[in-house]
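I have placed the structure first, in the form of structure tokens, so that the comments after it can refer back to it.
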Amino acid sequence: MFLSQPAQPRDRRFQLRATASEEELIRIAAEHQGVNVTEFIMRSAREKAEEALADQTRFVLDDAQWKQFVAALDRPAQDKPRLRRLFKEKHIAKRRS
């Protein structure tokens, strides 16, 4: 997941409605994570949006794009030292603990 912090101030608004129980649940969860409700909702929504986009499994290609894709798959593998080093590193979630 990307989950990067915004590089610029937030200047857009979302308007949404919630039931009393949804509001309470979100407020309690935000408190438990030590953030305000806006930050909690934005983190949660951003995470879900990134998951939705990362989980796409079907891509439609026209004939030219398909030929390019197949040609890329058919090319011999190239050694990528930086990529090899990256895969040897500890997972980012495990580095913090």
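The values are calculated or read from the model by the stated rules, or taken from the named source; none is laboratory data. All of these numbers come straight from a predicted model, not from anything done at the bench. Cβ coordinates were reconstructed from backbone atoms using ideal geometry, including for glycine residues, and neighbour counts include every protein chain displayed.
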query = Restricting attention to segment 83-91, does a residue exist that is of a type in the set (Phe, Trp, Tyr) and either surrounded by 10 or more Cβ atoms within 10 Å (Cβ to Cβ) or assigned to a loop (DSSP other than H, G, I, E, B) (or both)?
reply = no
Given (1) outside any helix (DSSP H, G or I); (2) of a type outside the set (Ser, Thr, Tyr); (3) farther than 28 Å from residue 13 by Cβ, residue 69 misses just (1)
### Task
Might you check whether a residue that is without any contact (Cβ under 8 Å) to a residue 24 or more places away in the chain, exposed (fewer than 10 other Cβ atoms within 10 Å of the Cβ), closer than 30 Å to residue 94 by Cβ and hydrophobic (A, V, I, L, M, F, W, C) occurs anywhere in segment 4-14?
yes
*Does segment 37-50 contain at least one residue that is part of a helix (DSSP H, G or I) and surrounded by fewer than 10 Cβ atoms within 10 Å (Cβ to Cβ)?*
no
In segment 58-82, residues that are of a type outside the set (S, T, N, Q) and surrounded by 10 or more Cβ atoms within 10 Å (Cβ to Cβ) total 6
> Does residue 55 satisfy being modelled with pLDDT under 95, of a type in the set (Asp, Glu) and exposed (fewer than 12 other Cβ atoms within 10 Å of the Cβ)?
Replying inline: yes
